[in-house]
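Peer 1: Below you'll find the structure I mean.
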Amino acid sequence: MSGLATGKPTCVADRCTFQYKMDKPVAPYLIALAVGDIAFKSTGPRTGIWAEPATLPKAAYEFGELEKFVAAAEGLYGPYRWGRYDVLVLPPSFPFGGMENPTLTFATPTAIAGDRSLVSLIAHELAHSWSGNLVTNATWDDFWLNEGFTSYFENRIMEALYGKRRADMEADLAWTDMLAAVKDAGGPAAKDTQLHLDPDAARDPDDGMTQIAYDKGAAFLRTIEKQVGRARWDAYLRSYFDRHAFQPQTSAGFLADLKSKLLTPAEARTIGVDAWVYQPGIPANAVHVTSAAFPAVDAAAKAYAAGGPVSAVPGKATTQEITRFITQLPRKLSAERLNALDDAFGWNTTGNAEIRFAWLQLALANHYAPADASAEQFLTSQGRRKFVAPLFQQLMDSGDWGHKLAMEIYGKARPGYHAVTQVTVDRITGWKLMN
């Protein structure tokens, strides 16, 4: 549970009572309970992994550096105040990447790649122990105060543990995701590209909670960091968490604190802090972290698209480089070119969910027939909405063949999806209207 166990369960016959205590104030959305056949493996004096017995060995390896993660986070922005930090790996139907319940992060098994290449998800959920759980957005109109701060913090944890090269790659990929989110929201003039959301917008409130909050929010904090320097920024952010611990926060409150405790009036004007929060689009001064590794990857994608040999493709590169390579390929490639990649790297069957997702987006865009079975296996074996919704949308937008395949797959997959994912994909496919 999202609290600390107060002792071993007390049992009478076959009925047991478990007791937990949370002595810190938390928002109601952070209270969670998990029940199941779950086992535990310690990863340190205050960290450990819970999972179903069949999943535990892989999960315990993948997230085995939890203690180092907590130490790195504390080194940046102050003490971890929740006692334990455990991770519970949920069944594949879990619709999100993670949920930052105090003391017990819920995590998707799709982050288990076998090589710890997707552990930034855990860095993100851990960072919520400061931004989100310690200082919490007062309303969901200021969702970015949770997610933008956390995305920035996540990247700093990754830099501390794995170095600037990897952190830069992940930040550069997030920049691309942000631009895609702006496009999906209706372009840079759309109100949902603001950080502070419009509470009166004529749409489902959940539709406003996009990557904008995460990635534009993180870009805003990087832009402040660039203006004042990392030393000043880190000192301020640590004091911010200390001064506002266990309290709700608003955009107006954060900006007032920022102007009072860190920025001079001239610095606030130079950054344009109010426009960042209350105006749509991505400001021209936004800091774009670029990866030194990606120019070579982009060149390889361009060369392959022009007919170059598959041997030039970075097959043994990092997950981030492979994902970048796939997304940089043109959406129109011949079956022969796709087949060469499939034969060389096995992306149709890879267990790395991020690579598999990027590959399927490319393959389905070209109606590459061998990917149909891969798409079915991927979409029926997990229900993470980040992967599921875009692929069903792509199929539904792909003409008669895509529509037919989407409905066939969804008929098999839907019973295994969480209700959150069902609602999203029902809307994409029109399932309830047709059934």
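Peer 1: Which members of the range 278-295 meet the condition of being touching a residue at least 12 places away in the same chain (Cβ under 8 Å), under 24 Å from Pro314 (Cα atoms) and either over 25 Å from the mean Cα position of the chain (by Cα) or not in a loop (DSSP other than H, G, I, E, B) (or both)?
Peer 2: Across the range 278-295, the qualifying residue is only Phe294.
Peer 1: Kindly check whether there is at least one residue in the range 240-254 that is of a type in the set (Lys, Arg), buried (at least 18 other Cβ atoms within 10 Å of the Cβ), modelled with pLDDT of 95 or more and in a helix (DSSP H, G or I).
Peer 2: no
For (1) at pLDDT 95 or above; (2) closer than 18 Å to Phe96 by Cβ; (3) in contact with a Leu (Cβ under 7 Å, 6 or more places away or on another chain); (4) acidic (Asp, Glu), each residue gets a yes or a no:
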| site | (1), (2), (3), (4) |
| --- | --- |
| Gly132 | yes, yes, no, no |
| Asp142 | yes, no, no, yes |
| Glu154 | yes, yes, no, yes |
| Asp168 | yes, no, no, yes |
| Leu173 | yes, no, no, no |
| Thr176 | yes, no, no, no |
| Val182 | yes, no, no, no |
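Peer 1: From (1) open to solvent by 10 Å² or more (accessible area, probe 1.4 Å); (2) under 26 Å from the mean Cα position of the chain (by Cα), pick out the condition that doesn't hold for Leu262.
Peer 2: Every condition holds for Leu262 apart from (2).
Peer 1: Please enumerate the residues belonging to the range 361-393 that are assigned to a helix (DSSP H, G or I) and among the charged types (D, E, K, R).
Peer 2: Within the range 361-393, Asp372, Glu376, Arg385, Lys386 qualify.
Peer 1: Please go through the range 408-430 and pick out each residue that is open to solvent by less than 50 Å² (accessible area, probe 1.4 Å), without any contact (Cβ under 8 Å) to a residue 40 or more places away in the chain and farther than 22 Å from Ser374 by Cβ.
Peer 2: Gln422, Asp426, Gly430
Peer 1: Please specify each residue of the range 20-77 satisfying the condition of being among the charged types (D, E, K, R) and open to solvent by 20 Å² or more (accessible area, probe 1.4 Å).
Peer 2: Lys21, Asp23, Lys24, Asp37, Lys41, Arg46, Glu52, Lys58, Glu65, Glu67, Lys68, Glu74
Peer 1: Could I ask something else about it? Does the range 247-264 contain any residue that is of a type in the set (Val, Ile, Thr) and closer than 28 Å to Ala72 by Cβ?
Peer 2: no
Peer 1: A follow-up question, please. Closer than 23 Å to Phe94 by Cα, open to solvent by less than 50 Å² (accessible area, probe 1.4 Å) and either in contact with a Leu (Cβ under 7 Å, 6 or more places away or on another chain) or in a helix (DSSP H, G or I) (or both): is that true of Glu354 in this structure?
Peer 2: Taking the combined requirement at face value, the residue satisfies it.
Peer 1: If you don't mind, there's one more thing I want to ask. Just a yes or no: is a residue in the range 149-166 open to solvent by 20 Å² or more (accessible area, probe 1.4 Å), of a type in the set (Phe, Trp, Tyr), within 27 Å of Gln279 (Cα to Cα) and touching a residue at least 24 places away in the same chain (Cβ under 8 Å)?
Peer 2: No, there is no match, as no residue in the range 149-166 is open to solvent by 20 Å² or more (accessible area, probe 1.4 Å), of a type in the set (Phe, Trp, Tyr), within 27 Å of Gln279 (Cα to Cα) and touching a residue at least 24 places away in the same chain (Cβ under 8 Å).
The values are calculated or read from the model by the stated rules, or taken from the named source; none is laboratory data. Note that this is a predicted model, so its numbers are computed, not measured. Every residue, glycine among them, receives a Cβ derived from its backbone with ideal geometry; neighbour counts consider all protein chains shown. SASA here: full protein model, heavy atoms, side chains in, ligands and nucleic acids out. Shrake-Rupley method; radii C 1.70, N 1.55, O 1.52, S 1.80 Å.
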